[in-house]
Amino acid sequence: MISIEDFKKVDIAVGEILSAEKIPETDKLLKLLVNLGEEKPRQIVSGISLYFPDYSVLVGKKCMFVANLEPRTFRGLESQGMILAVSTEDGKFSLLEPNSQIPPSTRAK
C-alpha cells in the first residue's frame, strides 16, 4: 500500500503520440515521440510493439503517460516517461486513453 501523499507525487499527463518506430533488433520495443505540452516532444521507449503490428496506428493517439518517472536507457535510447496500459492473463491489451476532447498536457487530478 502507498499513501495518498505518495500517489500525489506521480505526474500523470495526457500526451499525443507524434511518431512511433520499431527499435531494430528488439521484439517488443517501440520509440515514441510524445507531445506532453512541453517545449519539445519527449522520447518514450515502450515494450508494446507486440500489440501493434502496424505501429503507425499509434500516431495521433492521445494516451496517459507518467511524466515524472526517472529517465531510463533501453538499447542506448533514453526513455523520458512511461505510457500507461493494462493487460489481462489471456492477452487482452488496452492503452489508457482519455476522452478525445482532452488536450495534451492535461494532468490527472
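Taken together, the values in this text are just the output of simple stated rules run on the coordinates, not laboratory data. Here the structure is a predicted model, which means the values were calculated and not measured. Please note: Cβ atoms are built from the backbone with ideal geometry, for glycine as well, and neighbour counts cover all protein chains shown.
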| Principal axis lengths of the chain from Cα atoms, whole Å, largest first? | 40, 37, 30
| query | Remind me, relative contact order of the stretch 4-95 in percent, using alpha carbon pairs under 8 angstrom and six or more residues apart? | reply | 27
| Charge sum, other residues only, whose C-beta stays under 10 Å from residue 16's C-beta, Lys/Arg counted +1 and Asp/Glu -1 | +2
| request: Please list, in chain and number order, the residues 5+ apart from residue 80 or on another chain whose amide H is under 5 Å from its amide H, with Hs placed from the backbone. | output: 43, 44, 45
| note | FRET efficiency (residue 40, residue 2; Cβ distance; R0 25 Å; to 0.05) is 0.20
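Looking at the stretch 9-95, which GluC sites (Glu not before Pro) are in a loop (DSSP not H, G, I, E or B) and have at most 14 other Cβ atoms within 10 Å?
Numbers: sites: 16, 21, 25, 38, 39, 78, 89; in loops: 25, 38, 39, 89.
Those that pass, being in a loop and sparsely packed, are 25, 38, 39, 89.
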| query | Measuring from label point to label point, each 7 Å out along Cα→Cβ, what is the residue 93 to residue 25 span in nm? | reply | 2.3
| said: Just to confirm a number: summing +1 for Lys and Arg and -1 for Asp and Glu over residues other than residue 7 whose beta-carbon lies under 14 angstrom from that of residue 7, what do you get? | reply: +1
